[in-house]
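S.K.: Dumping the structure here so I can ask a few things about it.
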Amino acid sequence: MSTQDAELIRANLAVVSPKAADLTSHFYALLFLREPALRDLFPPAMDTQRDRLVQALVRIVGDLDNADALAGYLGRLGRDHRKYEVVTEHYAVVGECLIAALARFSGDAWDQATADAWGRAYAAAATLMTGGAEADALINPPHWNAEIVGHERPADDIAVVTVRPELPFPYRAGQYTTLETPWWPRVWRPYSIANAPGDHGLLTFHIRAVPAGWVSNALVRKAVVGDRIRLGPAMGEMVLDHHTLHPVLCVAGGTGLAPLKAIVEEIVFAGHHRFVDLFYGASEHSGLYGLDELLRISQRSPWLTVRPALADMPLAGISGGVADVLAEYGPRHDCDAYLSGPPSMVLDSARVLRRLGLPQAQIHFDPVLTGFGTPPADAHAVGASV
């Protein structure tokens with residue numbers, strides 16, 4: 001993309017961002033008016049879908065100067081859209097409706113140069129997305145059917161759900177996938193995978209039921225062993241770099257433990273025994289549901305230190321919220337830090353790490369799952385159910 005196109009698109013997005021809710025509603029109204037059959041590909045309630053469109057636009061515009069990162073993101077996005085039954089022919093009408101919606105809400109800021117810039121940008125993005133989808137179709141199904149083979153309730157509002165996919169499910173520790181339940185067809189929600197890949201082929205998820213969380217409440221309170229769900233492809237960029245043996249710092253909040261537990265398991269399986277300092281915080285004791293297992297792993301693995309944190313009571317002589325404990329006990333300046341949990345915890349922890357001198361490039365969290373915008377009720381926030 002030319003520098004001029006990138007500048008025009010950024011300037012236009014700044015104009016329409018305050019009207020994002022109305023813009024996205026108008027976009028989908030145009031889309032369903034033009035192609036009524038497309039409505040069947042979407043969930044009954046469209047709030048989440050509108051948020052995703054805005055988040056995708058913000059992510060794309062943010063990466064306009066980073067061609068490799070943008071190409072990777074769009075390829076993965078195209079691959080993920082296969083589970084919605086999106087095909088190449090849909091992209092043209094989507095582009096037309098998107099540009100029409102942008103034009104309507106840009107007012108006097110819209111001109112032919114801006115329209116042409118968005119047109120070229122969308123054409124390039126659609127090419128990358130369809131290319132990613134077509135390449136993925138050669139090796140993977142559009143989604144994976146899976147059976148629930150384990151369902152435990154370590155707390156009233158938390159379930160540890162283990163599933164067995166019918167086909168091999170490729171992923172890396174630290175990644176997430178999206179889940180669809182039989183109770184809410186076409187409603188997909190992202191959850192981090194809580195175990196490293198193994199020969200057993202099982203996937204485990206840590207799910208907290210939240211108010212208005214359709215999928216989370218179904219999986220915590222309705223699902224039983226034997227029920228079947230569907231999985232989208234593995235996504236996410238918060239994975240270990242095995243080309244370095246830097247110490248690892250993990251900061252987890254609540255069910256944000258899931259991807260970090262998988263990363264710890266991957267280190268165990270790899271046999272590298274990198275020094276790992278894991279800070280694990282929650283607002284109440286029941287939120288530290290995985291603490292006993294972590295402590296058992298640390299007893300067998302002297303390279304792993306586990307530091308629990310509760311804001312309202314000391315644990316093992318440690319007191320304060322997870323960011324407070326992090327400020328007192330960490331980090332090593334040569335470490336790679338991985339953060340997962342509610343957005344406020346991730347922001348606070350990232351600020352502590354930067355204040356302590358850790359370079360931004362060594363602080364990792366999943367940008368797709370930050371939740372710093374307007375996430376759906378049972379979506380993840382940096383790899384965790386909020």
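The values are calculated or read from the model by the stated rules, or taken from the named source; none is laboratory data. These numbers were taken from a predicted model, which means no experiment stands behind them. All Cβ positions, even for glycine, are placed from backbone atoms using ideal geometry, and neighbour counts span all protein chains on display. Only protein heavy atoms, including side chains, enter the accessible area calculation; ligands, DNA and RNA are left aside. Shrake-Rupley method; radii C 1.70, N 1.55, O 1.52, S 1.80 Å.
S.K.: Taking into account only those residues within the range 37-48 that are open to solvent by less than 40 Å² (accessible area, probe 1.4 Å) and within 17 Å of Val93 (Cα to Cα), which is modelled with the highest pLDDT?
M.R.: Leu38
S.K.: For residues in the range 62-83 being assigned to a loop (DSSP other than H, G, I, E, B) and in contact (Cβ under 8 Å) with a residue 24 or more places away in the chain, which is nearest to Ala14 (Cα to Cα)?
M.R.: Leu64
S.K.: Being in a helix (DSSP H, G or I), modelled with pLDDT of 95 or more, of a type in the set (Gly, Ala, Ser) and more than 22 Å from Ala20 (Cα to Cα) is the requirement here; does Ala135 meet it?
M.R.: Criteria met by Ala135.
S.K.: Out of the range 244-268, which residues are part of a helix (DSSP H, G or I) and either without any contact (Cβ under 8 Å) to a residue 12 or more places away in the chain or open to solvent by 20 Å² or more (accessible area, probe 1.4 Å) (or both)? Talk me through it step by step, then tell me what you get.
M.R.: We begin by selecting, within the range 244-268, every residue part of a helix (DSSP H, G or I); these are 254-268.
Within the range 244-268, Lys261, Glu265, Glu266, Val268 qualify.
S.K.: Taking only pairs six or more apart or across chains, which ones have beta-carbon atoms under 8 Å, a first residue in the range 347-364 that is open to solvent by 60 Å² or more (accessible area, probe 1.4 Å), and a second residue that is of a type in the set (Gly, Ala, Ser)?
M.R.: Once the first residue is open to solvent by 60 Å² or more (accessible area, probe 1.4 Å) and sits in the range 347-364, its partners that are of a type in the set (Gly, Ala, Ser) give Asp348/Gly321; Asp348/Ala323; Arg351/Ala323; Arg355/Ala327.
S.K.: While we're here: Hey, among the residues in the range 1-14 that are in contact (Cβ under 8 Å) with a residue 12 or more places away in the chain and of a type in the set (Gly, Ala, Ser), which one's least open to solvent (accessible area, probe 1.4 Å)?
M.R.: The selected residue is Ala6.
S.K.: Quick one: in the range 205-243, which of the residues that are of a type in the set (Gly, Ala, Ser) and open to solvent by less than 20 Å² (accessible area, probe 1.4 Å) is nearest to Trp183 (Cα to Cα)?
M.R.: Ala218
S.K.: Is the range 367-380 home to any residue that is part of a strand (DSSP E or B), at pLDDT below 90 and closer than 30 Å to Leu74 by Cβ?
M.R.: Scanning the range 367-380, I find at least one residue that is part of a strand (DSSP E or B), at pLDDT below 90 and closer than 30 Å to Leu74 by Cβ, so the answer is yes.
S.K.: Only one residue in Arg189, Arg164, Arg153 is farther than 26 Å from Tyr73 by Cβ and touching a helix residue (DSSP H, G or I) at 6+ places or on another chain (Cβ under 8 Å). Which one?
M.R.: Arg153
S.K.: Which residue is farthest from Phe42 (Cα to Cα), if the candidates are limited to the range 79-114 and must be open to solvent by less than 20 Å² (accessible area, probe 1.4 Å) and aliphatic (A, V, I, L, M)?
M.R.: Out of the qualifying residues, it is Leu102.
S.K.: I'd like to verify a number: residues in the range 250-262 that are closer than 13 Å to Cys335 by Cβ and β-branched (Val, Ile, Thr), how many?
M.R.: Final tally of qualifying residues: 1.
S.K.: Let me ask something else. Are any residues in the range 162-203 open to solvent by less than 10 Å² (accessible area, probe 1.4 Å), outside any strand (DSSP E or B) and either free of Cβ contacts under 8 Å to residues at least 40 places away in the same chain or among the β-branched types (Val, Ile, Thr) (or both), and if so, which ones?
M.R.: Thr181, Val187
S.K.: Return the residues of the range 15-36 that are exposed (fewer than 15 other Cβ atoms within 10 Å of the Cβ) and among the hydrophobic types (A, V, I, L, M, F, W, C); say none if nothing qualifies.
M.R.: If the condition is that a residue be exposed (fewer than 15 other Cβ atoms within 10 Å of the Cβ) and among the hydrophobic types (A, V, I, L, M, F, W, C), then Ala21, Ala29, Leu33 are the ones that fit.
S.K.: Can you confirm whether Leu128 is open to solvent by 50 Å² or more (accessible area, probe 1.4 Å), hydrophobic (A, V, I, L, M, F, W, C) and in a helix (DSSP H, G or I)?
M.R.: Judged against the criteria, Leu128 is a match.
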